Amino acid sequence: MKIALIVILVLAVLLIGWGVSVNNRLVVFNESINGAWAQVETVLQRRYDLIPNLVNTVKGYAKHESGVLEEVTRLRSQWGEAKTTDSKIAAANQLEGALARLMVVIEKYPDLKANQNFLALQDELAGTENRIAVERRRYNETVQQYNIAIAQFPASIVAGLHGYQRRDVYFKSDEAAKQAPQVNF
């Protein structure tokens, strides 16, 4: 009787220890997602801060192309007003498309491309876009690791008991990005 009680206690302690270990691992994954999202927001904020300088520089050279500039400014404001992760991702994707159209406008103005202020801003914006791509990839990888961890058995049992739920907010490419760009000389 004593041996059976000891075996049951040992098994209970092992089971509780395993559950605590799995829960702690899920907490780490959950916080990693939050940290990865904070990094995405940091580089998106950097882009948000650079855009007014870029737009003002371009405005000096391309006053009649105001439609594109107004769209960039409007989308920048939408990102600033976005509250949820979903709305921030959507606003960031739209802003990315508008910035691409702005670069097409810039190609029309050789004097603008030679302006030192513009060149510096363009380099900063290109660097920022690269940072955004890296942080988006890291965020997506972190969400994927978390989703795998909470779906795997037997960790899924602990995840269910503690209310961990799948996160489906990933950065995805725009449908237009799937088409190869046409380059004509």
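The values are calculated or read from the model by the stated rules, or taken from the named source; none is laboratory data. This structure is a prediction, so every number in the text was calculated from the model and none was measured. Note: ideal-geometry Cβ built from the backbone for every residue, glycine included; neighbour counts use all protein chains shown.
For the structure I just gave you, tell me whether Lys108 is at pLDDT 80 or above and either over 16 Å from Leu54 (Cβ atoms) or not aromatic (Phe, Trp, Tyr) (or both).
Working: at pLDDT 80 or above: no; either over 16 Å from Leu54 (Cβ atoms) or not aromatic (Phe, Trp, Tyr) (or both): yes.
So Lys108 fails the test.
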* To do: State which residue pairs qualify: first residue in contact (Cβ under 8 Å) with a residue 12 or more places away in the chain and under 18 Å from Gln165 (Cβ atoms) and inside region 135-153, second residue in a helix (DSSP H, G or I) and aromatic (Phe, Trp, Tyr) in any location, beta carbons under 8 Å apart, and separation of 6 or more residues or different chains.
  => Tyr139/Trp37; Thr142/Phe29; Gln145/Phe29; Tyr146/Phe29; Ala149/Phe29; Ile150/Phe29
* Asked: Can you tell me which residue in region 68-99 is nearest to the chain's Cα centre (by Cα), limited to those that are among the hydroxyl-bearing types (Ser, Thr, Tyr) and in a helix (DSSP H, G or I)?
  -> Thr85
* **Sole residue being assigned to a helix (DSSP H, G or I), surrounded by 18 or more Cβ atoms within 10 Å (Cβ to Cβ), modelled with pLDDT of 80 or more and aromatic (Phe, Trp, Tyr), chosen from Tyr164, Tyr139** => Tyr139
